[in-house]
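Novice: My structure is below; once you've seen it, I'll send some questions.
The values are calculated or read from the model by the stated rules, or taken from the named source; none is laboratory data. Please read these numbers as outputs of a predicted model, since none were measured by experiment. Because the Cβ atoms are built from the backbone with ideal geometry, glycine has one as well, and the counts that use them run over all protein chains shown.
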Amino acid sequence: MTRETLVNLVILAALIGTALVAQALGEGFVVTLATKAAIFALAGVGLNLALGFGGMVSLGHAAFFGIGGYVCAILASHAASGQPVAVLPFTIAGTNEMPAIWPVAMAVSGLAAGLIGALSLRTTGVYFIMVTLAFAQMIYYFAVSWPRYGGDDGLSFYVRNSFPGLNTFDPIQYFAICATLLVLALGVCALILRARFGLALEGARQNPARAQALGIRPYGLRLTAFVLSGMIVGLAGALYADLNRFVSPAMLSWHMSGEIMVFVILGGVGRLCGPVAGAAIYILLEHLLGGVSDYWQVLLGLLLLGIVLFAPGGLVGLIAPRRRHV
Amino acid sequence: MLLAEQALNGLQYGMMLFLMAAGLTLVFGVMGLINLAHGALYMVGAFACAAVAGATGSFWLGLGASLAAAAAAGALVELAVIRRLYARDHLDQVLATFALILVFSEGTRWLFGAFPLYLTLPPALSGAVTLPGGLQYPLFRLVIIGLGGAVALGLFWLIGRTRLGIRIRAGEADREMIGALGVDIARLYTIVFALGAGLAGLAGALVGTIQSVQVGMGEPVLILAFVVIVIGGIGSIKGALVGALMVGMTDTLGKALLPGLLARVTDAASANAVGSALASMLIYILMAAVLIVRPQGLFGVRAG
């Protein structure tokens, strides 16, 4: 077992342990905080696939987070009102079953990621950052100015969606759902990265010219990773919508993209469990510093600056430095 | 008549975007740095203008203060943070400048409060003028158009005709070489960054006068400036000008005309909804179209 694997296990155990202890002490609020951390971590894991392992600095992942959230809210609100979402070409009814909502959320955000990725990946470097940001902003403005589902005010639904056999209103049971999905996503990522696809992706990130000389086309690889990444982030968005029973264009805003990126960087780019640590620290900081001052984001900003300038490997990089083999 | 007025609005909007995009594109082109905090400097300019104009009662002093404060803030940020980022990858740059936004935004909220401030125009600039053809148009918006044009000409002169401009262009082409030729490259970078910051601050003060001065006002403009640069091509002032005018016109005319055009084919309510939603996406569709045809932008030389 490498040191990084050990750190990964400790991080996950800490998150799940916090929720369990809080539950035992009757601190429902802390369980909800842990749930939020698990959902943000899932979003971070998704972005990490594109950013850390694929080398695609996307500043537009809020688009997929928000799309996942809106899919969840739209299906739930239609289930509540009894009206179908669409009648042509075939009837799509609303639903309040999570196992039905998740695949739809992932499919729609995956589709969006496919379209945005296919265009954005024609560019590289600074252009890629700006183009992903701009496309996310396009979807943001669409959500703001489209009155059908609340526009600027957002869309709330009053009952959390259900999961067969579980009571999703119980904070610890909802945490269990989110944490299970997080662990599953981590497992899928670990498998992907060990497979030929992951190795090729890594190779294309480190040296595109050499990868191409070996007969690997980076474009297709990157697009696949981008779509997978968008799907995971979309799932996180659906879970987040259910946590709050509310979605608004804020989920699509570029501040959200920045925050998801912060989760990844705080923990450590390209580290499997980096985003989990990053999201947990972010939530902890928000809670602790938010209690100290209303202007806690100044402190967060300074902390971030410090990490970027002096500890570029993030938290996991500090604890388990990676041997340099360049 | 409506069309002419909207075209002028689009021109004014485009000029304002140009002031933002010019600084960004210079910093991209010369230093290879992506600066998300450019919108924060825009905000600094607007607040400096509002504070100085409020304290002294002179709008002109405020306008001067916006330039000076934003340029000073830019120079300070460059010396303290940005110059450590030139050698880093874009991810670090994005993150560090995102952190700067948090610091600037919350710091400003702390200093000035969350309520928007309003600027009053001096009598010489307020009111409307009658243009040939009988169109009444606010004088101040014409002043912005003129000012934007003057800045554009000034920049073309600066980049094309002066020693500083030669150095900036040389820095874009090969930074090691001009360092070896005895140009103080660190100082050159600080100057370019402060120049871009000053222009952003000026844009912030001008727009703050039309709309309001508030925390977070810079970010929507920043993203539009990115779109402008993607369309125009990184590092090209000419590209920034053309891109800014295209984006300004497309956005303004789209928002003004699309709902009306759609109303001819469907009923008014849904035409209004679809029209405004579509109009808000129009510039991004324009950007996507440019990307498909020319991924390096209209005036860009290379991608990446």
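Novice: Against the definition (within 14 Å of chain B (Cβ to nearest Cβ) and either polar (S, T, N, Q) or not in a helix (DSSP H, G or I) (or both)), how does A:Val269 come out, yes or no?
Specialist: Taking the combined requirement at face value, the residue satisfies it.
Novice: If B:Ala71 satisfies all but one of (1) in contact (Cβ under 8 Å) with a residue 24 or more places away in the chain; (2) over 17 Å from B:Gly218 (Cα atoms); (3) part of a helix (DSSP H, G or I), what's the number of the condition it fails?
Specialist: (2)
Novice: For the range B:83-118, give me the residue count where each residue is among the aromatic types (Phe, Trp, Tyr), in a helix (DSSP H, G or I) and either crowded, with 21+ Cβ neighbours inside 10 Å or more than 8 Å from chain A (Cβ to nearest Cβ) (or both).
Specialist: So the count comes out to 3.
Novice: For the range B:183-265, which helices (runs of 4 or more DSSP H) that fit wholly inside it have 3 or more residues that are away from chain A (no Cβ under 14 Å) and hydroxyl-bearing (Ser, Thr, Tyr)?
Specialist: So the answer is B:185-210.
Novice: Evaluate the range A:95-106: report whether one residue or more is among the aliphatic types (A, V, I, L, M), more than 13 Å from every other protein chain (Cβ to nearest Cβ), assigned to a helix (DSSP H, G or I) and surrounded by fewer than 16 Cβ atoms within 10 Å (Cβ to Cβ).
Specialist: Yes; the residues of the range A:95-106 include at least one that is among the aliphatic types (A, V, I, L, M), more than 13 Å from every other protein chain (Cβ to nearest Cβ), assigned to a helix (DSSP H, G or I) and surrounded by fewer than 16 Cβ atoms within 10 Å (Cβ to Cβ).
Novice: Something else about it: Identify, from the list B:Val52, B:Val77, B:Val44, the residue that is within 14 Å of chain A (Cβ to nearest Cβ) and assigned to a helix (DSSP H, G or I).
Specialist: Only one candidate passes the filter, namely B:Val77.
Novice: Separate question: Select from the range A:201-222 the residues that are more than 23 Å from the chain's Cα centre (by Cα), of a type outside the set (A, V, I, L, M) and either at positive phi or in a helix (DSSP H, G or I) (or both) and list them in ascending order.
Specialist: Matches in the range A:201-222: A:Gly203, A:Gln206, A:Pro208, A:Arg210, A:Gln212, A:Gly215, A:Pro218.
Novice: Among the listed residues B:Phe140, B:Phe156, which satisfies the condition of being away from chain A (no Cβ under 11 Å), farther than 27 Å from B:Ile191 by Cβ and out of contact with any helix residue (DSSP H, G or I) (no Cβ under 6 Å at 6 or more places or on another chain)?
Specialist: Step by step, each of B:Phe140, B:Phe156 is checked, and only B:Phe140 is away from chain A (no Cβ under 11 Å), farther than 27 Å from B:Ile191 by Cβ and out of contact with any helix residue (DSSP H, G or I) (no Cβ under 6 Å at 6 or more places or on another chain).
Novice: Do you know which residues across the range B:38-63 are within 14 Å of B:Leu19 (Cα to Cα) and either charged (D, E, K, R) or touching a strand residue (DSSP E or B) at 6+ places or on another chain (Cβ under 6 Å) (or both)?
Specialist: If the condition is that a residue be within 14 Å of B:Leu19 (Cα to Cα) and either charged (D, E, K, R) or touching a strand residue (DSSP E or B) at 6+ places or on another chain (Cβ under 6 Å) (or both), then B:Ala46 is the only one that fits.
Novice: Given the residues A:Ala213, A:Ala200, A:Ala209, which is the only one that is within 14 Å of chain B (Cβ to nearest Cβ), surrounded by fewer than 21 Cβ atoms within 10 Å (Cβ to Cβ) and not acidic (Asp, Glu)?
Specialist: A:Ala209
Novice: Any residue that is buried (at least 20 other Cβ atoms within 10 Å of the Cβ) and more than 9 Å from chain B (Cβ to nearest Cβ) - is there at least one of those in the range A:80-94?
Specialist: No.
Novice: Please verify whether the range A:234-248 includes one or more residues that are within 13 Å of chain B (Cβ to nearest Cβ), assigned to a helix (DSSP H, G or I) and not aliphatic (A, V, I, L, M).
Specialist: no
Novice: Any residue at all in the range A:116-127 that is free of Cβ contacts under 8 Å to residues at least 40 places away in the same chain, surrounded by 24 or more Cβ atoms within 10 Å (Cβ to Cβ) and within 14 Å of chain B (Cβ to nearest Cβ)?
Specialist: So far as the range A:116-127 goes, yes, one or more of its residues are free of Cβ contacts under 8 Å to residues at least 40 places away in the same chain, surrounded by 24 or more Cβ atoms within 10 Å (Cβ to Cβ) and within 14 Å of chain B (Cβ to nearest Cβ).
Novice: For the range A:290-308, what are the residues that are part of a helix (DSSP H, G or I) and either facing chain B (nearest Cβ under 7 Å) or within 14 Å of A:Leu33 (Cβ to Cβ) (or both)?
Specialist: The answer is A:Gly290, A:Gly291, A:Gln297, A:Val298, A:Leu300, A:Gly301, A:Leu302, A:Leu304, A:Leu305, A:Val308.
Novice: Take B:Leu142 and tell me if it is buried (at least 16 other Cβ atoms within 10 Å of the Cβ) and at pLDDT 90 or above.
Specialist: yes
Novice: Being in contact with a Cys (Cβ under 9 Å, 6 or more places away or on another chain) and more than 28 Å from A:Gly60 (Cβ to Cβ) is true for just one of B:Gly62, B:Gly54, B:Gly127. Which residue is that?
Specialist: B:Gly62
Novice: Mind listing just one residue for me: the one in the range A:129-167 that is part of a loop (DSSP other than H, G, I, E, B), in contact (Cβ under 8 Å) with a residue 24 or more places away in the chain and crowded, with 16+ Cβ neighbours inside 10 Å and, of those, nearest to the other protein chains (Cβ to nearest Cβ)?
Specialist: So, considering only residues that are part of a loop (DSSP other than H, G, I, E, B), in contact (Cβ under 8 Å) with a residue 24 or more places away in the chain and crowded, with 16+ Cβ neighbours inside 10 Å, the one nearest to the other protein chains (Cβ to nearest Cβ) is A:Gly150.
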